[in-house]
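What follows is calculated from the coordinates using simple rules that are stated; it is not laboratory data. Because the structure is predicted, anything quoted here is derived from the model rather than measured. A quick note on method: Cβ atoms are made from the backbone with ideal geometry, for glycine too, and the neighbour counts reach across all protein chains shown.
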Amino acid sequence: MEPVTIGEELLEERRRRRRAGDPRITPEGRALLLRMTTGDLMDDFQAALDADLAADPALSGHDTDDDT
Amino acid sequence: MIDEYLAVRVLVGARPDALPDDEPLALPAYRHYRLLQRIHQPGTGQLSGLLAESDQQAIRRPHPEVLQILDPRPLLDEAAAIGARYRSAGLLVGETLAAGLTYGHQLWFGTARNVGTRLAEIADDLRIDVHVAGPA
């Protein structure tokens, strides 16, 4: 078996931490956030994002063809 | 460069396998702003009443090893140029495309619905690859 270098070990640890996510997320929060982004609450989440965007012309932009 | 959906999935440790894991992932600042609106603004989809304080803190101030928020200042000139050239892009689309141009020519979204027709058209014109890593 090939010996693992210190660099490889450190990189693997970083990868593991990244994949684990933020440790401040609670199990209940995780479940809700997953429903929002991959489950039954996706439509509600997208509708809220779209509404925020529609309410903010600077963020959403407008057609500058009409500008004077 | 990822969107709001993938940012949340990364924070909860449900990162799609398709996303490269050798590089840190970054969320453009105005996309982070959209997530923060979900926490701070009242109304449908508000999260502050549903999430614990520690969950909110993870979204409000992500750990940079897990998720980075891009500083918008170096991207603003490019974003404004894109907006002017394509007439109408808006800050959200302009900043996202400027970030894509600056960092790797790749944009990743958690659902096709969050890409937007205008962004997809301009990204194609600018040769920025748009990927969708939806739910499994």
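Observations on the model:
- Efficiency of FRET from Cβ geometry, A:Glu2 and B:Ile39, R₀ 35 Å, rounded to 0.05: 0.15
- Rg over Rh for chain A works out to 1.30, using Cα positions for both radii and the Kirkwood form for Rh.
- Among A:Asp40, B:Asp3, A:Asp50, B:Asp125, sorting on how many other beta-carbon atoms sit within 10 Å of each Cβ, with the fewest leading, yields A:Asp40, B:Asp125, A:Asp50, B:Asp3.
- Per-residue extension of 0.36 nm, minus the Cα-Cα distance of B:Asp17 and B:Glu53, leaves a gain of 10.1 nm for this segment.
- Per residue of chain A, the DSSP helices (runs of n ≥ 4 H) give a summed -39500 (n - 2.57) that works out to -19500 deg cm²/dmol at 222 nm.
- Order of B:His32, B:His40, B:His63 under a 10 Å beta carbon neighbour criterion, fewest first: B:His40, B:His63, B:His32
- Gyration tensor (alpha-carbon) shape descriptor, the protein assembly as shown, a/c threshold 1.5: oblate
- Degrees between helix B:76-86 axis and first principal axis of chain B (Cα, 0 to 90, nearest 10): 60
- Reciprocal mean inverse distance between Cα atoms of the stretch B:4-132 - Kirkwood radius, Å: 15.4
- Chain B, relative contact order in percent, only Cα pairs under 8 angstrom and at least six apart counted: 28
- Between the stretch A:1-49 and the stretch B:59-136, the Cα center-to-center distance that results, in Å: 21
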